[in-house]
Amino acid sequence: MKRHLVNIYRLGIKELWGLVRDPMLLFLIAFTFTVSTYTSGTAVPDTITHAPLGIIDEDNSQLSQRVISALYPPMFDTFEIGLDDADKGMDNGIYTFVLDIPPSFQADILAGREPSIQLNVDATRMSQAFTGAGYIQEIAMGEISSFMQRYRSNTQLPVDLEMRMRFNPNLTQAWFGSLMDIINNITMMAIILTGTALIREREHGTIEHLLAMPVTPGEIMIAKVWSMGLVVLVTSGASLVFVVQGLLNVHIEGSIPLFLVGVALHLFATTAMGIFMATVARNMPQFAMLLILILLPLQMLSGASTPRESMPKLVQDVMQFAPTTHFVELGQGVLYRGAGIDVAWKQFLALAAIGAVFFIVSMVRFRKTISQMA
Amino acid sequence: MPDSFVQRPPVAHIAGVTLHYGKTLAIDDLSLDIPSDCMVGFIGPDGVGKSSLLSLISGAHAIQEGTVEVLGGDMREKRHRDNVCPLIAYMPQGLGKNLYPTLSVEENLQFFARLFGHGAAERRRRIDDLTRSTGLYPFLGRPAGKLSGGMKQKLGLCCSLIHDPKLLILDEPTTGVDPLARAQFWNLINRIRGQQPGMSVVVATAYMDEAQKFDWLVVMDAGKILATGTPKEILARTNTDSLEAAFIALLPEEKRQGHKEIVIPPLDSNGEEDVAIEAKGLTMRFGDFTAVDHVNFTIRRGEIFGFLGSNGCGKSTTMKMLTGLLEPSEGEAWMFGKKIEPSNIDTRKRIGYMSQAFSLYSELTVLQNLVLHARLFHVPPEQVDERVNEMLERFGLTKVQNILPDNLPLGVRQRLSLAVAMVHHPDILILDEPTSGVDPVARDGFWEYLIALSRNDKVTIFITTHFMNEAERCDRISLMHSGKVLASEAPATLVEERNAPSLEDAFIQYLIDAGADAEDGGEGLAPAAAVSQEEHAERAKASRFFSMQRLISYMWREALELKRDPIRGTLVLFGSLILLIIMGYGISLDVENLRYAILDRDQTMLSNNYALNIKGSRYFIEHPPVENYQELDKRMKSGELSVVLEIPPGFARDVERGDPAQVGAWIDGAMPQRAETIKGYLQMLHTGWLQDRLTEAGIEAPSMANIEVRYRYNPDVLSLPAMVPAVIPILLLMIPAMLTALSVVREKEMGSIINLYVTSVTRTEFLLGKQVPYVLMAMVNFFLMTAMAVFLFDVHVKGSFLALTLAAFIYCIFTTGFGLLASTFTKSQIAAIFCTMVATMIPAVQFSGLINPTSSLTGGGRFIGEIYPATYMLTISRGIFSKALGFTDLYSSYIPMMIAVPVIMCTAIALLKKQEV
């Protein structure tokens, strides 16, 4: 047993040296966890900002001006345009919204003829389309009703809906963007680092050399898993503390150590995945293609970019087998919502189970194929 | 003594040249004139700068200090290099280093021939001539990677000779090549020289018997020249009768390391036959091919057992079976009476194995490699230092202990491999060509050590070699040919049996008897219409800046390599389709199926009514009600609930009385966008409920205005029609970029980048040639994905398909160029993959408008989004797919892409190096 541990330790140290000798790689790791995280954190603005809104004012009344002046930056960038510009502007994607206030709008409303304002929404820009349209309606209706209140008595029921945002009271996008970026980077790096390290040994013939020595395939694999896992664990932890907490001032509700335990479990699964992919691919170009094929869905469908519950049922079910799904839930639970192990145990368990299965499958596959790699 | 060779005009004039690798001094203020029209040999110990000097002469390495003039011009000048490149052929060290292993012999030759601008008929004639005269003709269809070492070197030579060079530079061309193939190789060179007397040949070699036959020799040591002259002159000067002895005599005292003649004490077999290794009927088949065919042998303990045979005869395979690396197809082998099984760890500890190819860790220093191996073999910790130091000293590695193996010359690396194999004092040493490329002095020192191990420590040594003087030192040798053992005897007995003058002759006779082709079917070169100097110059001039043919030859080569790896192509084409399906269906921006629960603290008809109102919405899915705040907290933390609606006590009463009442909504803000949408939904539902209450109460709702919302381009606000046109540009970015990202860096890692350094191909031709096949592949990809969108997803191209194709074409040039850029400035494939991944996935997914429009981003993200062509491709793709637009509507989005293409290509070309520095 002790011999195994010593071998695993030595081989792992060797892997770390391999990293140190490739300054470009070190730079990229550092870049990913600093610049990239920072940019992702700051890129997407809180709520809607600078949504381009074209306004056609055919009425030019007091009311229409009131509505227009209520839609102002930074939420909306408004442009007063003519009727002819509307289509072209929308076609070219210059305006996401075009609001058309019809002629004699104010007169009609005062006469109780219920006129209509038309709001055109570019529905290909889905994320802005929904929320933006909601805001515009809310603001416009608010202006219209307060305008009308001067003419009529208030007949509304005095029931209010008070909405309170939990875990992220101001809905600060940086909180979401930066943490999800870290979560994505962890997956990406774990797979790339272990997988490519194995392919490189294979292409340079060093695997053969290892096999002629008194080390077992299991030791070789575990050494790669722990060393690369450790690199990712340390850098992601540092990024969380220094970039996300320090630089972006994100308030982390939960316990970072608990999250790092989750990261470790996740790394267990993803590094094993990297090894598995490296046993399937025969050379580096094949591995690179496989990487895109696996990594892209793993990240896009994990719930880190769009809400999981809105995906088709089949996708949701299949993604239950992906470690990233549980890891994203775990990350959101622990980091934002301050969930403890008593709440998030399901995700921890799922990750551990997936990790164990992946690891065992990879190990079996690795043992079986390693002699062909030499 | 007059030196007739020196009077000739020099083919290369070297003055005051100094070369450093980092801190290591490789060449030290060296001046030399290399005479033309003859065969010049460079000899000297490992790592004295022979290879460095040759790479300077060939133009592969940039000159740091001093002057190198080759063929009458300064090699520092790019103009001159471009002119003389077609006149110089350079074969780097290492078996088949500049060849492409997946390409066949014919294709390799075609590639080089095209590179030098021969027409189709001329290529055919030259290839047939060269391969017939080298005996490679029957193997034209075989991939270069599957050739034996000797054949690889012959092919390398053919590739060098295909353009009639004036100067042929060969760096240890016969290292690792068997004697028969070696003889054939030199015959070939001599024949060619006979036909082209104007050709100068410069060779570095570790074989003194080869050097003996050269016209003029340069003896080097420590980056300096010790002596020059014809072999005779050098013998005369040193008063020796063999070049080997002369070489040793010329070395400074400390380099000789107390060199003395090797004496082998006889192996004392004290009666008992202590068997170390025994093999019976050992057979290895790879498919139909039998690599090792029923091999038997018995090796006694302490014996030095040599294995000789041509390249590819099954020696290495036999060794791998003995180490347990390969499981024999048939037969068995024992080690000290124990059966060898691949799973047995303990037998491995008793073996020291050195494989033919250098297989140590290039990321660890010499010292670190030794320590790692000592530890992995479980040398007791207190002895590790001592052992490692012993090895460093024994193999002359002390000075280089902190250097990375990649920066060491071949011979020194070989020594390191040996040291590593011995660091744990094994009982059995299995050494596969351990002395290939090692200089004579070091070789003798190494043998001394082997003999001591064998005779004093009873270490059994199983060794393969191509040096006959080494074979003579073995107790017994086995001759192998095509998987079979021909003879197994003491060397002297073999010579006697054959009545041969030397072991080498005996060996060759055995091989010929066994059917080996001794005269390599050499038909001699058909007298080629020798290309005159003027023609050469003409050819060089015509194509100095840009040659379509060179570009095409790289393009053709790249395409062939793609073709040879069908798995990769399949992954690209099917992979992108699968991804399109997954992402098209999977990514959904509709916020639906939101999980909510009610915390009803009123429990009245009215509160129930409010809850029902929410339940009726298609956006929300009800979960069991929440009982108290603690539960609320827990269930929201676990992510189970996205919204909790709290209806306060006395809600119905307050409403009844007309007092202000309040419904609370707790929304999970973890995903800000989702929270925003939830807010909107709730507000809408709430207003709706209020209206209903009013109507029920008989109060006429105030008439006001309506806002009609028209969702354009995607009236049902479905995700699929929005996502598919957006996913296509993302996939067209990531996949082609990843394809090209490895194309240059892979050549760097495998060594074939040298062809860029020493041939006249320009960087532009090199990169563009590589790019073309990938652009075509990406376009195929584009058409497939578009077809899938139309026929499977029913997402139609409403606008101009031609405009979309044009945009995709420009975009693919950009994306493949992006991969090439990543490939030019990285040094390892890993870094290139990583770099491409980081630089494509994050901007494409986050900043290019896939989810959030670029115009509403802020900070660095927005800047990246605005200069990133994927953003514009996304606009075009959405515009043409969903908005029925054409080129005239979208031309402003084409412009940034068209700017990006030259920018990215020029940067890639600028960052690519035409010489090693």
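Tabulated data for the structure shown
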item	result
Matching helices (runs of 4 or more DSSP H) fully within the stretch A:149-266 where at least 2 residues are more than 12 Å from chain B (Cβ to nearest Cβ)	A:173-203, A:217-238
Qualifying positions in the stretch A:92-127 - over 30 Å from B:T871 (Cα atoms) and outside any loop (DSSP other than H, G, I, E, B)	A:I101, A:F105, A:Q106, A:A107, A:D108, A:I109, A:L110, A:S116, A:I117
Helices (runs of 4 or more DSSP H) enclosed by the stretch B:65-172 - at least 3 residues per element that are in contact (Cβ under 8 Å) with a residue 40 or more places away in the chain and closer than 22 Å to B:G194 by Cβ	B:120-134, B:149-161
Boolean, A:M90 is in contact (Cβ under 8 Å) with a residue 24 or more places away in the chain, more than 9 Å from chain B (Cβ to nearest Cβ) and within 22 Å of B:G849 (Cα to Cα)	no
A:D85 vs. criteria more than 7 Å from chain B (Cβ to nearest Cβ), assigned to a helix (DSSP H, G or I), more than 23 Å from A:S146 (Cβ to Cβ) and more than 33 Å from the chain's Cα centre (by Cα)	yes
Test: residue in the stretch B:52-68 that is among the β-branched types (V, I, T) and touching a Ser or Thr at 6+ places or on another chain (Cβ under 7 Å)	no
Hits in the stretch B:832-858 (condition: touching a Pro at 6+ places or on another chain (Cβ under 9 Å) and either part of a helix (DSSP H, G or I) or acidic (D, E) (or both))	B:A844, B:S855, B:S856
Condition check for A:V328: within 26 Å of A:G274 (Cα to Cα) and facing chain B (nearest Cβ under 9 Å)	no
Tally, over the stretch A:1-60, of residues that are more than 7 Å from every other protein chain (Cβ to nearest Cβ), in a loop (DSSP other than H, G, I, E, B), free of Cβ contacts under 8 Å to residues at least 40 places away in the same chain and not polar (S, T, N, Q)	1
Residue check, B:Q691 modelled with pLDDT under 80 and more than 8 Å from chain A (Cβ to nearest Cβ)	yes
Scope the stretch B:589-608; condition over 23 Å from B:M636 (Cβ atoms) and of a type in the set (S, T, Y); matching residues	B:T604
Options A:A51, A:A86: the member that is modelled with pLDDT under 85, over 30 Å from A:L248 (Cα atoms) and touching a strand residue (DSSP E or B) at 6+ places or on another chain (Cβ under 7 Å)	A:A86
Yes/no for B:I880 being in contact (Cβ under 8 Å) with a residue 12 or more places away in the chain, in a helix (DSSP H, G or I) and not aromatic (F, W, Y)	yes
Filtered residue count, the stretch B:581-617, keeping only those that are modelled with pLDDT of 85 or more, in a helix (DSSP H, G or I) and of a type in the set (A, V, I, L, M, F, W, C)	6
Verdict on B:G198 being farther than 24 Å from B:G437 by Cβ, outside any helix (DSSP H, G or I) and not hydroxyl-bearing (S, T, Y)	yes
Among the residues listed as B:R595, B:R601, B:R557, the single one being of a type in the set (D, E, K, R), closer than 30 Å to B:T764 by Cβ and in contact (Cβ under 8 Å) with a residue 40 or more places away in the chain	B:R557
Residue in the stretch B:819-831 that is within 12 Å of chain A (Cβ to nearest Cβ), farther than 24 Å from A:T196 by Cβ and of a type in the set (K, R) present	no
Check on A:G333, within 11 Å of another protein chain (Cβ to nearest Cβ), in contact (Cβ under 8 Å) with a residue 24 or more places away in the chain, closer than 20 Å to A:R166 by Cβ and assigned to a loop (DSSP other than H, G, I, E, B)	no
Residues of the stretch A:101-124 that turn out to be at the interface with another protein chain (Cβ under 9 Å from one of its Cβ atoms) and in contact with a helix residue (DSSP H, G or I) (Cβ under 8 Å, 6 or more places away or on another chain), as a count	11
All positions within the stretch A:305-317 that are without any contact (Cβ under 8 Å) to a residue 60 or more places away in the chain and in contact with a helix residue (DSSP H, G or I) (Cβ under 9 Å, 6 or more places away or on another chain)	A:T306, A:P307, A:R308, A:E309, A:S310, A:M311, A:P312, A:L314, A:V315, A:Q316
Hey, B:L404 within 26 Å of B:R443 (Cβ to Cβ) and at pLDDT below 85 or not	no
Residues being of a type in the set (V, I, T), in contact with a Ser or Thr (Cβ under 8 Å, 6 or more places away or on another chain) and either without any contact (Cβ under 8 Å) to a residue 24 or more places away in the chain or closer than 30 Å to B:G639 by Cα (or both) - total across the stretch A:200-231	1
Among residues of the stretch B:536-568, those that are part of a loop (DSSP other than H, G, I, E, B) and at pLDDT 85 or above, counted	1
Single condition A:S104 does not satisfy, out of (1) crowded, with 18+ Cβ neighbours inside 10 Å; (2) at pLDDT 80 or above	(1)
Conditions (1) under 21 Å from the mean Cα position of the chain (by Cα); (2) not in a helix (DSSP H, G or I); number of the one not met by B:F793	(1)
Unmet requirement for B:M636, which otherwise passes all of (1) among the aliphatic types (A, V, I, L, M); (2) closer than 13 Å to A:V159 by Cβ; (3) within 7 Å of chain A (Cβ to nearest Cβ)	(2)
Unmet criterion (only one of (1) assigned to a strand (DSSP E or B); (2) farther than 25 Å from B:L180 by Cβ) for B:L360	(1)
Those residues of the stretch B:653-670 which are more than 55 Å from the chain's Cα centre (by Cα) and either surrounded by 14 or more Cβ atoms within 10 Å (Cβ to Cβ) or not acidic (D, E) (or both), in sequence order	B:R653, B:D654, B:V655, B:R657, B:G658, B:P660, B:A661, B:Q662, B:V663, B:G664, B:A665, B:W666
Within the stretch B:639-657, tally of residues that are more than 10 Å from chain A (Cβ to nearest Cβ) and among the β-branched types (V, I, T)	1
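The values are calculated or read from the model by the stated rules, or taken from the named source; none is laboratory data. Worth saying up front: this structure is predicted, and the values here are computed from it rather than measured. Backbone-built Cβ (ideal geometry, glycine too); neighbour counts: all protein chains shown.
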